[in-house]
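One structure is given below, encoded as structure tokens.
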Amino acid sequence: MATKRLTVRNIREILRLGLGAKLTLRQIHSSTKSSVGAVQKVLAKAKAIQLRWPLPAELDDSALEKLFYPKNESPQNIKCPSTNWAEIHLELKKKGITKQLLWEEHVQQNQDCYYSYSRFCHHYSVWKKKQQRSMRQVHKAGEKLFVDYAGQTIPIVCASTGEVRTAQIFVAVLGASNYTYVEATHTQSLPDW
């Protein structure tokens, strides 16, 4: 969760108490109800840019805000280039493609503004939930059997010779009961079928 941005009024009060009254971080925290970390960041920034109390007259609210928040956008409001989630969804269906790989491509393509990995995954899951589900199919018992070979293979080692062969995975599923039959075969040819 992003930290809440301090108002200019809070920044002025922290500067007054820290630079002018020389109060401790805890005293400023209890007086302003700002977190200790926020107080510390404001005072560290003030020290880095060599601010003194009282603040110069030309340092109005907008100038003070620009000093502490150079970009006038909070991280939540930054709009990154639109990402084609449908394309990402199709890419994820390919063998060996992960969200991590697609995120790394996203970072390379959008050097100026890109999502963190967690935001990338969050936006993808939000997009995915909005998509229409596939149509529901009702099957009568014993009416349909779905068969296919799985795309990936597994290695089988012969115990006597040590020879390694790949096995094709045959899968059959009954439509109504989802009863599944799986068998490893040497090839996908007709004799093994």
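The values are calculated or read from the model by the stated rules, or taken from the named source; none is laboratory data. A quick note: this is a predicted structure, and the numbers were derived from the prediction, not measured. All Cβ positions, even for glycine, are placed from backbone atoms using ideal geometry, and neighbour counts span all protein chains on display. Note: accessible area is taken over every heavy atom of the protein model, side chains too, but ligands, DNA and RNA are not part of it. Shrake-Rupley method; radii C 1.70, N 1.55, O 1.52, S 1.80 Å.
Odds and ends about this structure:
- Pairs with Cβ under 7 Å, 6+ apart, first in the stretch 103-123 and open to solvent by less than 90 Å² (accessible area, probe 1.4 Å), second among the aliphatic types (A, V, I, L, M): C113/I78
- Residue check for I78: under 16 Å from the mean Cα position of the chain (by Cα) and either at pLDDT below 85 or open to solvent by less than 90 Å² (accessible area, probe 1.4 Å) (or both): yes
- When we screen A176, A167 for residues that are under 30 Å from L190 (Cβ atoms), assigned by the TED database to the domain that holds H186 and modelled with pLDDT under 90, the only hit is A176.
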